[in-house]
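Visitor: Take this structure, written in structure tokens, and hold onto it; I'll ask about it next.
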Amino acid sequence: QVQLAQSGGGLVQAGDSLRLSCAASGLTFGNYAMGWFRQAPGKERESIAGISSRTGLSTSYRASVKGRFTISRDNDKNTVYLQMTSLRPEDTAVYYCAASTRASATRSSDDYRYWGQGTQVTVSS
């Protein structure tokens with residue numbers, strides 16, 4: 001049984017930082033590219049960051065979060081992280097981590113086989 005357990009969401013003020021964690025089990029974590037997605041009320045789910053498999057040498061970001069968010073992975077802990085800084089109210093959404101069997105992360109949710117349960121991030125002004 002594959003499980004992606006998310007943690008780290010919450011309510012913060014604009015300009016604050018928050019780190020999301022996603023701990024995977026039931027799979028060979030290092031073989032999977034990992035991605036972070038989010039969905040705001042009334043909007044479609046969008047990709048925000050991705051990291052390649054193995055050592056995670058390659059990363060990618062949505063333009064609106066580039067320079068503010070950082071994706072990383074720790075294969076010894078089977079965990080992928082999303083460090084968020086300079087948070088804005090428009091970052092408010094439910095955030096999901098996901099695992100892809102591809103070596104490189106893509107922006108398409110269809111490429112991701114396993115998903116976390118989601119965690120709410122709310123940024124107040």
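Visitor: Considering only the other residues whose Cβ falls under 12 Å of the Cβ of S21, what net charge follows from Lys and Arg at +1 and Asp and Glu at -1? It would help to have the intermediate numbers written out before the result.
Guide: Details: positive: R19, R73, K77; negative: D74.
Taking every Cβ under 12 Å from that of S21, the sum is +2.
Visitor: If you don't mind, another one. Under the rule of at least 5 residues apart or a separate chain, name every residue whose amide H is placed under 5 Å from the amide H of Y32.
Guide: R54
Visitor: Give me, ordered by chain and number, the residues 5 or more places off L87 or on other chains with an amide H under 5 Å from its own placed amide H.
Guide: Excluding prolines and chain starts, which carry no amide H, the hits are G15, D16.
Visitor: In debye, nearest 20, what is the charge dipole magnitude of the chain about its Cα centre with +1 on Lys and Arg Cβ and -1 on Asp and Glu Cβ, if you could check?
Guide: Numbers: 14 positive and 9 negative charges, 37 e Å.
It comes to approximately 180 debye.
Visitor: Rank these by accessible area, largest first, 1.4 Å probe: R73, R88, R19.
Guide: So, going from the largest accessible area down, we get R19, R88, R73.
The values are calculated or read from the model by the stated rules, or taken from the named source; none is laboratory data. Small disclaimer: the values here were computed from a predicted structure and weren't measured. Note that we place each Cβ from the backbone using ideal geometry, even for glycine, and neighbour counts take in every protein chain shown. These accessible areas exclude ligands, DNA and RNA; they are computed on the full protein's heavy atoms, side chains included. Shrake-Rupley method; radii C 1.70, N 1.55, O 1.52, S 1.80 Å.
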